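Single-structure report; data block below.
The values are calculated or read from the model by the stated rules, or taken from the named source; none is laboratory data. None of these values were measured; they are calculated from a predicted model. Cβ placement follows ideal geometry from the backbone for every residue including glycine, while neighbour counts extend to all protein chains displayed.
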Amino acid sequence: MPLTQIAVDVRGDVVILDPAGRICLCDDRDGLPPVVAKLLEEGFLKVLLNLHRVRYIDSTSLAGIVRAHVMVTRKGGRLKIVNVVQQVQDVFDVTKLTPLLDVAASEESALRSFEGSTSTLA
C-alpha cells in the first residue's frame, strides 16, 4: 500500500513534511525522496519530518528517510525528525541509525534548533 499523503507546510524557511497512511517513503513517484528533491530545487534546505501519524515503518521506508537525509545534507541543509512513536524509534535504534538521524523532542524545539542555521537558496 503506498503512502497516502505527505502534507507540506512552510514556516519561515523551514518546510514541514507530515506523512500519513502506511508509510512507503522510498517510492520513486510519491515517496519522500522525490518530494525532498523538489523542495531542494525550490531552495529549501531546512526540512522537518513530522512522523506523528506514522505507526509503522519498514526497511524500504527507512531507506527513503536515509536517502532524503543524504540528499538534504549533500546540499548543505539539515533534515530533522520529530514525533517518533516508540515502535518507529525502536527501528531507528535496532538499525543503528539513531546517531545519524537528527531526532528532536518536539516540533517547537526542532524549529528553534533551525534558527541561525542554513537558510534557503532563494
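Details
- Of the residues making up region 61-71, those that are of a type in the set (A, V, I, L, M, F, W, C) and surrounded by fewer than 23 Cβ atoms within 10 Å (Cβ to Cβ) are 62, 63, 66, 70, 71.
- Some residue of region 62-69 being free of Cβ contacts under 8 Å to residues at least 24 places away in the same chain, in a helix (DSSP H, G or I), on the phi < 0 side of the Ramachandran plot and not hydroxyl-bearing (Ser, Thr, Tyr): no
- Residues (buried (at least 19 other Cβ atoms within 10 Å of the Cβ) and in a loop (DSSP other than H, G, I, E, B)) located in region 84-118: 84
- Of all residues in region 37-57, those that are part of a loop (DSSP other than H, G, I, E, B) and of a type in the set (Lys, Arg) have Cβ atoms under 7 Å from Cβ atoms of residues that are modelled with pLDDT under 90 and surrounded by 20 or more Cβ atoms within 10 Å (Cβ to Cβ), 6 or more apart or on another chain, in 53/19.
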